[in-house]
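Quick notes on the structure that follows.
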Amino acid sequence: TTGFSITIGNGVYTLILDPAGALLAGTIVLPAAPVDGQVVRISSTQTITTLTVSPSAGQTVKNAPTGFTVNLTGDQGYEFIYRATNLTWYRLQ
């Protein structure tokens, strides 16, 4: 319940975090070999005080969140779409 680091695998489109309690910090690394237009969703049942959403090597993440508050974010989670032409993940929500 203190922290975590997860790398989302290639071909994985949804990451659901269901920890026993709130987390102080966590890092999520987006897939290394996404396809153009791939969407990745991240959801959590608990608050994550400090959340880092990182790109894989050579990629960029635009408008990355810095935390996850269940009462504000929980229903929708976060969603990113990948654009291959500039190797960038864009946050949709």
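Mean separation of Cα pairs under 8 Å and 6+ residues apart, divided by the residue count of the chain: what relative contact order is that in percent? Kindly include the intermediate steps, with their values, before the conclusion.
Working: 224 pairs, mean separation 24.4, N = 93.
Value for the chain: 26 percent.
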With a 1.4 angstrom probe the carbon and sulfur portion of accessible area for the chain, in percent, totals 52 percent
For the stretch 1-42, max minus min Cα coordinate along each principal axis, in Å, sorted largest first? 34, 14, 11
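More than 22 angstrom separation, counting every C-alpha pair in the chain; what % is that? Spell out each step's value before the answer.
Numbers: 907 of 4278 pairs.
More than 22 Å apart: 21 percent of the Cα pairs in the chain.
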Label-point gap, in nm, between ALA20 and LEU72 - each point 7 angstrom along Cα→Cβ: 2.8 nm
LYS62 versus THR49: modelled label distance in nm, points set 7 Å from Cα along the beta carbon direction: 3.2 nm
Quick check: pseudo-label points 7 Å beyond the Cα along Cα→Cβ at VAL35 and VAL12, how many nm apart are they? 1.9 nm
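The values are calculated or read from the model by the stated rules, or taken from the named source; none is laboratory data. Just so it is clear, the model here is predicted, and its values are computed rather than measured. Note that each Cβ is placed from the backbone with ideal geometry, even for glycine, and that neighbours are counted across all protein chains shown. Note: accessible area is taken over every heavy atom of the protein model, side chains too, but ligands, DNA and RNA are not part of it. Shrake-Rupley method; radii C 1.70, N 1.55, O 1.52, S 1.80 Å.
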